[in-house]
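Visitor: This is the structure, below, for whatever I ask next.
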Amino acid sequence: MAGAPGADLLEMLGGVMAGRHGFTVRSRPTCRTVVVKWGEHTLFCKLREGDRKAARVEWRWLHVMPMLGLNVPQPVAFRKQGARSLVCTAQVRGRPLDALLLEVARAGQLAQAHAFLCSVVAPQVRRLHEQGLVFRDLYWNHLYATSLEPDAELCFLDVERVFRPRWRRFRWVVKDLAGLLASLPHPVPLRDKLRFLRAYLQDSWSDVWLRRRLVRAIGSKASQIRAHTPKFG
């Protein structure tokens, strides 16, 4: 699906915007996600009402993040129609990490899960932050993988949340890491949480002051996030 979308695809997406094609898999007051079949492909279309800025932001990051070594869904098409917008991407292989983590936890395979988090997830989150970016609301359901094997590919979803903070960057980094801690779908021993943080910090782990400051800030923010009631589930 590389290159500019053809007329037949654009016509089909116009039908999605008009409600003639696809079925809704997620809905909020101003945004819903529609899945549609196009030939042999499965496409995900995010339809927004009155929030074209978020659509433009998402479309931009879908192109920029791969250049920074961060996997995202393949962008297919971007359409605007009055106050409505549509961002269409290819289907992502795999499942959300919260579902995978819960599955292996129930199977008693936590060692494999924690190894994947340290060897795959922590380096990718570090890369995100090293590029000066933060996710803002980084939870396990925003990360997809085909499995928890060491060679599995990690993919970031819902990238309209991503931005490059100009100040108070430490606060946003803490929020990302706390979001992961707060959204763990099963209990995790403290030693494994620290292993993940060590893998994230890498060489900076030897900085005792930074480590203590980060651990305290993440723990406090994670408690705030867990106490927050989501607006739309």
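The values are calculated or read from the model by the stated rules, or taken from the named source; none is laboratory data. Keep in mind it's a predicted model, so treat the numbers as computed, not measured. Don't worry about glycine lacking a Cβ; one is built from the backbone with ideal geometry, like all the others, and counts go over all protein chains shown. Heavy atoms of the whole protein, side chains included, go into the accessibility calculation; ligands, DNA and RNA do not. Shrake-Rupley method; radii C 1.70, N 1.55, O 1.52, S 1.80 Å.
Visitor: Of all residues in the stretch 182-192, which are open to solvent by less than 90 Å² (accessible area, probe 1.4 Å), part of a helix (DSSP H, G or I) and modelled with pLDDT under 90?
Guide: Going residue by residue through the stretch 182-192, those that are open to solvent by less than 90 Å² (accessible area, probe 1.4 Å) are 182-186, 188-189, 192.
Subsequent filtering for residues that are part of a helix (DSSP H, G or I) retains 182, 192.
The answer is D192, and nothing else.
Visitor: Another question about this same structure. If the Cβ limit is 7 Å and pairs must be 6+ apart or interchain, which residue in the stretch 39-53 that is among the small types (G, A, S) pairs with which residue that is assigned to a loop (DSSP other than H, G, I, E, B) and loosely packed, with under 14 Cβ neighbours inside 10 Å?
Guide: Pairs found: G50/T30; G50/A83.
Visitor: Taking the conditions exactly as written (without any contact (Cβ under 8 Å) to a residue 24 or more places away in the chain and in contact with a Ser or Thr (Cβ under 8 Å, 6 or more places away or on another chain)), does L194 satisfy them or not?
Guide: Details: without any contact (Cβ under 8 Å) to a residue 24 or more places away in the chain: yes; in contact with a Ser or Thr (Cβ under 8 Å, 6 or more places away or on another chain): no.
So L194 does not fit the description; no.
Visitor: With V120, V174, V188, V159 as the choices, which residue is in contact with a Pro (Cβ under 8 Å, 6 or more places away or on another chain) and at negative phi?
Guide: Checking each option against the conditions leaves just V120.
Visitor: So V25 passes all but one of these: (1) buried (at least 19 other Cβ atoms within 10 Å of the Cβ); (2) over 15 Å from V162 (Cα atoms); (3) not basic (K, R). Which condition number does it fail?
Guide: For V25, the failing item is (1).
Visitor: Give the stretch 99-122 a look and list any residue that's touching a Leu at 6+ places or on another chain (Cβ under 9 Å) and open to solvent by less than 50 Å² (accessible area, probe 1.4 Å), or say none.
Guide: If the condition is that a residue be touching a Leu at 6+ places or on another chain (Cβ under 9 Å) and open to solvent by less than 50 Å² (accessible area, probe 1.4 Å), then L100, L101, V104, A113, A115, F116, L117, V120, V121, A122 are the ones that fit.
Visitor: Which residue, of R126, R93, is charged (D, E, K, R), touching an Asp or Glu at 6+ places or on another chain (Cβ under 9 Å) and touching a residue at least 12 places away in the same chain (Cβ under 8 Å)? Outline the logic, then answer.
Guide: On the way: R126 fails: touching an Asp or Glu at 6+ places or on another chain (Cβ under 9 Å).
Only one candidate passes the filter, namely R93.
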